[in-house]
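Before any comments, here is the structure.
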Amino acid sequence: MSRETEMHICLGSSCFSRGNKDVVIFIRDYLKKNHLEDKVIFKGGRCMGHCSNGPNLMINEVIKEGVTISKIEAILDQELVKFK
Ligand code: FES
């Protein structure tokens, strides 16, 4: 089965200080719980240059800003609905 979605979360220091670690944990659990690990590539990435608006997550080359733990589930539900 081919992977169709790529997600890169910024691992830069500013996004780290804004809580990207919790978002990483949430995304990993979400992909596992929804059996999406073979459909979505999820990696850490370098600073995206939008530091003051982090944590930042790039999904298929589109940057989502302000991806906090309170927003990440709704973003994933919207972006990955095609796999459900
Ligand atoms: S540290 Fe994340 S965009 Fe710069």
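The values are calculated or read from the model by the stated rules, or taken from the named source; none is laboratory data. Values in this document were obtained by computation on a predicted structure and should not be read as measured data. Cβ coordinates were reconstructed from backbone atoms using ideal geometry, including for glycine residues, and neighbour counts include every protein chain displayed.
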Restricting the range 22-45 to residues that are among the basic types (Lys, Arg) and either over 13 Å from the mean Cα position of the chain (by Cα) or assigned to a helix (DSSP H, G or I) (or both), the one surrounded by the most Cβ atoms within 10 Å (Cβ to Cβ) turns out to be 39
Q.
Looking for something assigned to a loop (DSSP other than H, G, I, E, B), in contact (Cβ under 8 Å) with a residue 24 or more places away in the chain and over 11 Å from the mean Cα position of the chain (by Cα) - is there at least one such residue anywhere in the range 52-60?
A. yes
The one condition residue 52 fails out of (1) at pLDDT below 95; (2) touching a helix residue (DSSP H, G or I) at 6+ places or on another chain (Cβ under 9 Å) is (1)
field: Filter result for residue 27 (within 16 Å of residue 69 (Cβ to Cβ), in contact with a Cys (Cβ under 8 Å, 6 or more places away or on another chain) and among the β-branched types (Val, Ile, Thr))
entry: no
Subset of the range 61-82, residues surrounded by fewer than 14 Cβ atoms within 10 Å (Cβ to Cβ) and outside any loop (DSSP other than H, G, I, E, B), comes to 62, 73, 74, 77, 78, 81, 82
Within the range 2-21, of all residues that are part of a loop (DSSP other than H, G, I, E, B) and modelled with pLDDT of 95 or more, the one nearest to the ligand (Cβ to nearest atom) is 12
